[in-house]
1. Give the residue that is farthest from the ligand (Cβ to nearest atom), with candidates limited to residues of the stretch 69-82 that are closer than 13 Å to Lys38 by Cβ and free of Cβ contacts under 8 Å to residues at least 60 places away in the same chain.
2. Quick check on this structure: which one of Ile182, Ile217 is at pLDDT 95 or above and more than 10 Å from the ligand (Cβ to nearest atom)?
3. Under 7 Å by Cβ, and 6 or more places apart or on different chains, what pairs join a residue from the stretch 41-58 that is at negative phi and of a type in the set (Phe, Trp, Tyr) with one that is surrounded by fewer than 15 Cβ atoms within 10 Å (Cβ to Cβ) and in a strand (DSSP E or B)?
4. If we keep just the residues of the stretch 129-149 that are of a type outside the set (Asp, Glu) and within 16 Å of the ligand (Cβ to nearest atom), which is nearest to Leu84 (Cα to Cα)?
5. Glu174 fails exactly one of the following numbered conditions: (1) outside any helix (DSSP H, G or I); (2) without any contact (Cβ under 8 Å) to a residue 24 or more places away in the chain; (3) farther than 14 Å from Arg160 by Cα. What is the number of that condition?
6. For Ser94, which of the numbered conditions (1) free of Cβ contacts under 8 Å to residues at least 40 places away in the same chain; (2) surrounded by fewer than 22 Cβ atoms within 10 Å (Cβ to Cβ); (3) part of a loop (DSSP other than H, G, I, E, B) fails to hold?
7. Out of all the residues in the stretch 28-68, which are part of a loop (DSSP other than H, G, I, E, B) and farther than 16 Å from Asp205 by Cβ?
8. State which residue pairs qualify: first residue more than 25 Å from Asp44 (Cα to Cα) and inside the stretch 204-225, second residue at pLDDT below 95 and within 13 Å of the ligand (Cβ to nearest atom) in any location, beta carbons under 9 Å apart, and separation of 6 or more residues or different chains.
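The values are calculated or read from the model by the stated rules, or taken from the named source; none is laboratory data. Since this is a predicted model, take the numbers as computed values, not measurements. Here the Cβ is made from the backbone with ideal geometry for all residues, glycine too, and neighbour counts use every protein chain on show.
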Amino acid sequence: MRREEIKAGLAEVERRIEEACRAAGRSRSEITLIAVTKTYPASDVRLLHELGVHDIGENRDQEAAGKAAECADLDLTWHFIGQLQTNKVRSVASYADMVHSVDRPRLVEALSREAVRAGREIGCLVQVTLDPVSGRGGTRPEEAAALAGLVAAAEGLRMRGVMAVAPLGGDPAEAFARLDEIAEAVRKEHPGADVVSAGMSGDLDQAIANGATHVRIGTALLGRRKPFVG
Ligand SMILES: *Cc1c(COP(=O)(O)O)cnc(C)c1O
């Protein structure tokens, strides 16, 4: 049964989070587990909610908007974690509580305008690229502070912290240590911006060892995704 599968995945992920916290001398309560439900149906979101997971991550607007609507009766926090085009911002601003992928000034402008229009406040993380040749989005580390300043000054937005994806083939611990330094510099200017979104199924342990407050877990919770087509 699907519920049993997800329950087992969740138990294993919880075990890994607790182990990583113990190893790092941190408390489990410092870590928020975001279940990344992309490619999985709204019924899985419901099961996760029943099992006590209330933070849901999605990376494509079309899919996320449908699931958020189907699950509107649940108390969930929706995290938008994918590259975001400005023409999708109006839709995303209608359901996302936190956008992890803020990586350019135009996106800050668009998010601010649509948050105000929707009468909502949207938490923003500045996504930093730790990979010089990455096509996966993110601002360069030396531009993070300026972008954080734009977010902090924008109406309707709240500057919450930073996010990164470990570079393919690199050492995730090294990458997350760099992110932690960037996070600290941002926090000096914006004391409330204490979120560090780092760590996926393969590297959540290294992320927690290096200061992550939010881990984004798909595969280890829900199983291996079918390759995306279309
Ligand atoms: C899909 C995705 C994740 C989850 O990855 P898993 O390896 O399945 O845990 C995390 N972060 C982002 C940005 C993603 O797109």
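1. Among them, the one singled out is Trp78.
2. Working: Ile217 fails: more than 10 Å from the ligand (Cβ to nearest atom).
Of the residues listed, the single one that is at pLDDT 95 or above and more than 10 Å from the ligand (Cβ to nearest atom) is Ile182.
3. none
4. Our first condition is that a residue be of a type outside the set (Asp, Glu); within the stretch 129-149, this holds for 129-130, 132-141, 144-149.
Next cut, within 16 Å of the ligand (Cβ to nearest atom) only: 129-130, 134-139.
Numbers: Thr129: 15, Leu130: 18, Ser134: 16, Gly135: 13, Arg136: 11, Gly137: 9, Gly138: 11, Thr139: 13 Å.
By that ranking, first place goes to Gly137.
5. (1)
6. Ser94 satisfies every listed condition except (3).
7. Thr37, Lys38, Thr39, Tyr40, Pro41, Leu51, Gly52, Val53, His54, Asn59, Arg60
8. From residues that are more than 25 Å from Asp44 (Cα to Cα), the pairs are Gln206/Ala166; Ala207/Ala166.
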